[in-house]
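Notes follow once the structure below has been shown.
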Amino acid sequence: MLERASEALRGAQRVVVFTGAGMSAESGIPTFRDAMTGLWARYDPAELATPQAFRADPELVWGWYEWRRALVSRAQPNAGHVAVAAIEAHVPGTVVVTQNVDDLHERAGSSAPIRLHGSLFAPRCSACAAPAPVPAVVSTAVSIGTLAADGDVDPEPEGQRLAPPICTGCGGLVRPGVVWFGESLPADALKAAVDAAARCDLLLAVGTSGVVYPAAEIPEVAARHGAMVIQINPQPTALDGIAALNLRGSAASVLPALVAAAWPGQK
Ligand code: OAD
């Protein structure tokens, strides 16, 4: 199956790499289906990632995002992120579309990932929408456990409520620059992603459960327009049906193997 996938990759002119939380799992960033630890253990991410949660308890929600930003800041791109950047180097018409709010694709060398769900590094005012500075100091209450032998980072029980900064322009509360449940995706990013999916000849869906819309439409758009969809995920997902090939394995193991098989002997 890897052979067929690598042939398709080698022959593709326009590739879309569509990524979700599983892409960063092996960098130690928990997915949205993983149980949370520490202060967050009582919460479901889907409950914290809403405008209602921020209005009801801004310190809880801001503290959670600062904890996540700290986790990401101390994490490193994994071999899967590096392989995605290598695909872009081999196939210049590659577009990375991510649902992730971390910056690991950029740090691995992907040039301009399209961010459907915003970024942990772009806070803005919740009232006037003015961009706000990224807080310089990551909460000292945040600590990360040691890297386990299996490559997983075990976050120690941690986390704290934090008061969000105040907007210097209007005095409103600063919020994370991410898309919350019930909010619209950035229109320009969604349009760019749909356009890229409609034009591509191969879409790689990596580490996403494919259940959160409208982002989950992106692989569907590609399939409808005749592109081949190849999925990389250790588990079955909602995208299994539209994928021509389901490569069951982790991003950090399958993607480098795919790149090595597509372009043997090259970086
Ligand atoms: P999910 O947490 O829903 O799904 C993660 C997927 O990654 C699952 O299908 C896992 O099987 C898979 N996975 C786990 N480890 C993996 C690994 N090492 N390699 C490859 N795959 C692995 O994450 P998303 O699909 O990204 O939205 O979730 C979509 C959206 O829902 C998120 O962007 C976020 C969330 O709630 C918002 O916050 C708006």
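The values are calculated or read from the model by the stated rules, or taken from the named source; none is laboratory data. A quick note: this is a predicted structure, and the numbers were derived from the prediction, not measured. Here the Cβ is made from the backbone with ideal geometry for all residues, glycine too, and neighbour counts use every protein chain on show. To get the accessible areas, we keep the full protein, side chains included, count just its heavy atoms, and leave off ligands, DNA and RNA. Shrake-Rupley method; radii C 1.70, N 1.55, O 1.52, S 1.80 Å.
Of note:
- Condition met for G63 (within 21 Å of P45 (Cβ to Cβ), out of contact with any His (no Cβ under 8 Å at 6 or more places or on another chain), of a type in the set (G, A, S) and in a helix (DSSP H, G or I)): yes
- Restricting attention to the stretch 69-98, the residues being out of contact with any Leu (no Cβ under 6 Å at 6 or more places or on another chain) and within 11 Å of the ligand (Cβ to nearest atom) number 3.
- Positions within the stretch 186-210 being assigned to a loop (DSSP other than H, G, I, E, B), over 23 Å from W67 (Cα atoms) and touching a Pro at 6+ places or on another chain (Cβ under 9 Å), in sequence order: G210
- The criterion of being modelled with pLDDT of 90 or more, polar (S, T, N, Q) and under 27 Å from C125 (Cα atoms) holds for S73.
- As a summary of the residue check, V61 satisfies the conditions (1) out of contact with any helix residue (DSSP H, G or I) (no Cβ under 7 Å at 6 or more places or on another chain); (2) not assigned by TED's automatic domain parsing to the domain that holds Y213 except for the one numbered (1).
- Residue list for the stretch 73-93, filter: over 14 Å from E106 (Cα atoms) and either part of a helix (DSSP H, G or I) or open to solvent by less than 20 Å² (accessible area, probe 1.4 Å) (or both): R74, H90, V91
- P30, sole failed condition from (1) within 11 Å of the ligand (Cβ to nearest atom); (2) open to solvent by less than 30 Å² (accessible area, probe 1.4 Å): (2)
- Residues in the stretch 4-26 that are out of contact with any helix residue (DSSP H, G or I) (no Cβ under 7 Å at 6 or more places or on another chain) and more than 16 Å from the ligand (Cβ to nearest atom) were compared, and the one that is most open to solvent (accessible area, probe 1.4 Å) is R4.
- A search for C-beta distances below 6 Å between a residue of the stretch 113-134 that is at positive phi and any residue that is within 16 Å of the ligand (Cβ to nearest atom), counting only pairs 6+ apart in sequence or on different chains, returns G118/V101; G118/G177; G118/V178; G118/V179.
- Within the option set P256, P164, being touching a residue at least 12 places away in the same chain (Cβ under 8 Å) and either outside any loop (DSSP other than H, G, I, E, B) or within 17 Å of the chain's Cα centre (by Cα) (or both) holds for one residue only, P256.
- Filter result (of a type in the set (V, I, T) and in a strand (DSSP E or B)) within the stretch 211-235: V229, I230, I232
- The stretch 175-220 - residue that is of a type in the set (D, E) and out of contact with any Ser or Thr (no Cβ under 9 Å at 6 or more places or on another chain) and, of those, farthest from the ligand (Cβ to nearest atom): D201
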